[in-house]
Amino acid sequence: MNANKKVALTLPDGSVREFDGPVTGMTLAQDIGPGLAKAALVIVVNGEQWDLSREITTNSDVSIITNRDDEALEIIRHDAAHILAEAVKELWPDTQVTIGPAIENGFYYDFAREEPFTPEDLETIEKRMRQIVERNEEIIRTEMPRDEAVDFFRDQGEEYKAEIIASIPSNEPITLYKQGEFIDLCRGPHLPSTKYLGSDTFKLMNVAGAYWRGDSNNEMLQRIYGTAWRTKKELKAYLLRLEEAEKRDHRKLG
């Protein structure tokens, strides 16, 4: 591709910004203004969410998601799940990670570990998650051939991840995300760095059992649930709603 080919990006208001050659979402945000560059989380390119660091090489319709947008919640919760997994791996390196999606009001991650997690463990994990946020680890997207990715995770002792990747068609690109020393399989997109999550916007809630791939014939895993929000205020409001609901339930039982 000709690196000097101009790329025109059309914003939601119909205005067009033109750049010489490939351009990232962060560069676009900086071009629009420092306030947007600071608030930007993800860019939407022709209807698909991309990391701000990905290069846009063709003329496209774009918009930028910030913390004010409702779409930010799923991205934030997905990142919280990755940071949870990183924290667990740092604290208990022999633990295997499996899957960790965003869900309504929060996120979870399933772990393969013989020793059960305790309430005290959740406090320790949450503290380590805050440390990871404060480290401001860049979140880096890479692609890897499927078979190479299978071997990579097997070499790391991550048999569950290897099994997931092995089930993906060989012609599909495998996308991995790295933050600090932690690498996970994921389609993305993700925040630019761990600091964007905020250290006071999430809380780990409880642990439950979950069968691998939802099949009762498979191994029982440990699922850690958490909640994450755009702001500390939103988190506090959610926890207050839960507390009030529990009080109502107790009154009914009484």
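The values are calculated or read from the model by the stated rules, or taken from the named source; none is laboratory data. Just so we're clear, the structure is a prediction, and the values are computed from it rather than from any experiment. Reconstructed Cβ throughout: ideal geometry from the backbone, glycine too, with neighbour counts over all protein chains shown. The accessibility values were calculated without ligands, DNA or RNA, using every heavy atom of the protein model including side chains. Shrake-Rupley method; radii C 1.70, N 1.55, O 1.52, S 1.80 Å.
Listed here are the pairs Lys161/Lys232; Lys127/Lys178; Lys89/Lys195; which of them are more than 27 Å apart at the Cα?
Listed pairs above 27 Å: Lys161/Lys232.
Counting only heavy atoms of protein chains, what accessible area per residue, in Å², does the range 196-254 have with a probe of 1.4 Å? Could you put the intermediate results ahead of the total?
Numbers: 3870 Å² over 59 residues.
Value returned for the range 196-254: 66 Å² of accessible area per residue.
For the chain, just the Cα atoms, rotate onto the principal axes and tell me the three extents in Å, largest first.
Principal axes ranked by extent give 66, 46, 31 Å for the Cα atoms.
Note down the relative contact order for the chain as a percent, whole number, built from C-alpha pairs under 8 angstrom at least six residues apart.
Taking the mean separation of contacting Cα pairs over the length of the chain, I get 18 percent.
Ignoring ligands, DNA and RNA, how do Leu235, Leu36 rank by accessible area with a 1.4 Å probe, largest first?
The ranking, largest first, comes out as Leu36, Leu235.
How do Tyr225, Tyr109, Tyr238 stack up against each other in accessible area, from largest to smallest, with a 1.4 angstrom probe?
Per-residue accessible area, sorted high to low, gives Tyr225, Tyr238, Tyr109.
Got a number for carbon plus sulfur as a percent of the chain's accessible area, 1.4 Å probe?
Working: 6340 of 13770 Å².
Answer for the chain: carbon and sulfur cover 46 percent of the accessible area.
Straight-line reach from Lys252: which aspartates and glutamates have a Cα under 16 Å away, not including same-chain ones fewer than 8 places off?
Within reach: Glu243, Glu244.
If you build a Gaussian network model of the chain, linking Cα atoms that sit under 10 Å apart, which residue out of Glu244, Glu104, Glu74 swings the most?
Fluctuation is largest for Glu244.
Looking at the chain as a GNM with Cα springs under 10 Å, which of Ser167, Ser199, Ser15 has the largest mean-square fluctuation?
Judging by the Gaussian network model, the answer is Ser15.
Below 8 Å, C-alpha to C-alpha, sequence gap of six or more: please give me the relative contact order for the range 129-207 in percent. Let's see the in-between values first.
Details: 108 pairs, mean separation 33.5, N = 79.
Averaging sequence separation for qualifying contacts and normalising by length gives 42 percent for the range 129-207.
Considering only DSSP beta bridges where both residues belong to the chain, give the percentage that are antiparallel (nearest 5).
95 percent
Which ³J(HN,Hα) values, rounded to whole Hz and listed in residue order, are derived for the range 92-101 from phi using the Karplus coefficients 6.51, -1.76 and 1.60 in 6.51 cos²θ - 1.76 cosθ + 1.60 with θ = phi - 60°, glycine and proline given as x?
So the Karplus estimates, Gly and Pro as x, are 9, x, 7, 5, 9, 9, 10, 10, x, x Hz.
Applying a 10 Å radius around every beta-carbon, put 210-220, 168-178, 140-150 in order of their mean neighbour count, most first.
140-150, 168-178, 210-220
Can you compute the helix-only [θ] at 222 nm over the chain? Use -39500 (n - 2.57) per DSSP H run of at least 4 residues, normalise by all residues, nearest 500 deg cm²/dmol.
Rounded to the nearest 500, it is -11500 deg cm²/dmol.
Give the lysines whose C-alpha is closer than 16 Å to that of Lys233, dropping any in the same chain fewer than 8 places away, or say none.
Lys203
Compare Arg251, Arg187, Arg135 by solvent-accessible area with a 1.4 Å probe and give them largest first, with all protein chains kept in place.
Numbers: Arg251 160, Arg187 210, Arg135 105 Å².
Putting Arg251, Arg187, Arg135 in descending order of accessible area: Arg187, Arg251, Arg135.
With a sphere of radius 15 Å drawn around the Cβ of Glu137, what net charge do the other residues whose Cβ falls strictly inside it have (Lys, Arg +1; Asp, Glu -1)?
Once positives and negatives cancel, what remains is -1.
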